[in-house]
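Chemist: Structure incoming, see below.
Every number in this text was worked out from the coordinates using simple rules, so none of it is lab data. Remember, it's a predicted structure, so these values are computed and weren't measured experimentally. No Cβ is skipped: glycine too gets one built from the backbone with ideal geometry, and neighbour counts run over all protein chains shown.
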Amino acid sequence: MYFQQFLNQLHGCASYLIASRHTGAAALVDPGIETDPYEEVLAVRGFHLRYVIDTHIHADHISSARALAAKHGAQLCLHAAARVAYPFYALTDGDELALGRDVGSRPAGEGPWGVRLRVLHTPGHRPELMSLLVADTERTNDPSLVLSADALFAGDAGRPDFGGGDPAAQYESFHRLLALPEYTAVFPGHFEGPCGKGMDGRPFTTIGFERLHSPLAQLDRDAFIAAITRDIPARPLNMTAIEATNRGAADLSWAMLTNAAPVPAADLAAVAVRPSDALLLDVREPDEYTQGHIPGAVSLPQADLASHLDDLPPGRPLFVVCRSGSRSLRAAQFLTQVGFPHVANIPGGTLAWRRAGRPLERIPAHVEQPSPTV
């Protein structure tokens, strides 16, 4: 078996290439938008793609699965529960994908050749989410590793509030994976980022380690559900556009942040005396905004930023703020990436503004928020 993990350091996502060294057949799981790393390995190793697999409809990054499947003549695979606008090979729980030779094609007397991927339906983060058990049948028919997608992270589990997510189903899926043999290596879909809130930063773990040390593994059902449904992080940057693209309902691949270039920083004094034509853009969630924002700030949550670029005044200075400066930095980088010329981030964000003793405005929940063009 050949196995390689690809880590996207900008978004905290992981992709996987699995192949049979005997046949050269390969499967690519959860490919990101940048395809050069996969193409290089396929070319150097002489592998040919048989399957391209998305474990679920991603909300934080754009998948290249359709493009790669079309280019290489591979089967595009998702779980049968996926709701997308394009054809795919539907997988269900227990299905297997073979990368080795069929029994009848092996020379007489030789043992099994190749690699098998077995589908485990592990909904919760999303209804269609699946994990993949991987067995190198040249050594044993028992799976040695699992690609756990967003059902199980190192120290965490995927958030259940995206498109049809179900915290009770997440509990069942989490414990289904923990029931695997303790030696099973776990390779999740993320090692950091907004799809969870307690990942410990490692890109792999083992079932045995998670049984012993994952905080969630120590909780009963009700406590587990309470833990993964409270204090959920903000929705990912440009989630609305990214998810629509991955479903085939739109073609907005430019909505992916691909450049972490530095952007100018504006201190609190500069914000207080900003030019009259400047727009102060608050990219927090709506409830955060209504509970207290810098006077004059306009709400546009980062999840919807790419979907509302036409609402932003071209050419005017943009000051971007969030709670503490992390979300606003990425939003400012994205705005710069798509061509807005005068964008500044506010380090420290609304927290720093409040700590400096400056006033915050609050909006009652029933009051309609202003348009970003105001």
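Chemist: Using only the Cα atoms of region 259-355, construct the convex hull and provide its projected area averaged over every direction, in square nanometres to one decimal.
Modeler: 5.6
Chemist: Among 181, 123, 275, which one shows the biggest mean-square fluctuation in a GNM of the chain, springs joining Cα atoms closer than 10 Å?
Modeler: Evaluated over the chain, the most mobile residue of the options is 275.
Chemist: What's the extension gain from residue 39 to residue 9 if we count 0.36 nm per residue and subtract their Cα-Cα distance?
Modeler: Stretched out fully, the residue 39 to residue 9 stretch lengthens by 8.9 nm.
Chemist: If you take the beta carbon distance between residue 2 and residue 142 as r and set R0 to 22 Å, what does 1/(1 + (r/R0)^6) give as a FRET efficiency, to the nearest 0.05?
Modeler: Here the calculated transfer efficiency is 0.70.
Chemist: Still on this structure, please answer the following. Hey, can you grab everything whose amide H is under 5 Å from the amide H of residue 252? Only 5+ residues off in sequence or another chain; H modelled, so Pro and N-termini drop out.
Modeler: For residue 252, the qualifying residues are 245.
Chemist: Tell me the relative contact order for region 160-210 as a rounded percent, counting alpha carbon contacts under 8 Å between residues six or more apart.
Modeler: Relative contact order of region 160-210: 37 percent.
Chemist: Which residue fluctuates the most in the chain, going by a Gaussian network model with Cα springs under 10 Å, if the choices are 100, 357, 158?
Modeler: Result: 357 has the largest fluctuation of those listed.
Chemist: At 7 Å along the Cα-to-beta-carbon direction for both residue 272 and residue 93, put a label point, then send me their distance in nm to one decimal.
Modeler: Output for this residue pair reads 6.0 nm.
Chemist: Related question: Return, ordered by residue number, the residues of region 177-200 whose backbone nitrogen is under 17 Å from a label point located 7 Å along Cα→Cβ of residue 221.
Modeler: Counting only backbone N, you get 177-179.
Chemist: Once phi is turned into θ = phi - 60°, what whole-Hz ³J(HN,Hα) does the Karplus curve with 6.51, -1.76 and 1.60 give for every residue of region 6-19, x standing for Gly and Pro?
Modeler: 10, 10, 9, 6, 6, 10, x, 9, 10, 10, 9, 10, 10, 8
Chemist: Something else now. At a temperature of 20 °C and a viscosity of 1.002 mPa s, determine how fast region 215-267 diffuses translationally according to Stokes-Einstein, using the Kirkwood radius over alpha-carbon pairs as Rh; express D in µm²/s, rounded to the nearest whole number.
Modeler: Taking Rh from Cα pairs, D becomes 145 µm²/s.
Chemist: So if each residue of separation counts as 0.36 nm, and I subtract the Cα-Cα distance between residue 351 and residue 161, what length gain in nm does that give?
Modeler: Residue separation times 0.36 nm, minus the Cα-Cα distance, leaves 65.8 nm.
Chemist: While we're here: For residue 316 and residue 254 in one chain, what is 0.36 nm times their gap in residues minus the Cα-Cα distance, to one decimal in nm?
Modeler: That works out to 20.1 nm of additional length.
Chemist: Would you calculate the volume per residue, in Å³, of the smallest convex hull containing every Cα atom of region 2-229?
Modeler: 113
Chemist: Return the distance in nm (one decimal) between the two label points of a simple spin-label model at residue 213 and residue 324, each offset 7 Å from Cα along Cα→Cβ.
Modeler: Each label point lies 7 Å from its Cα, and together they span 2.3 nm.
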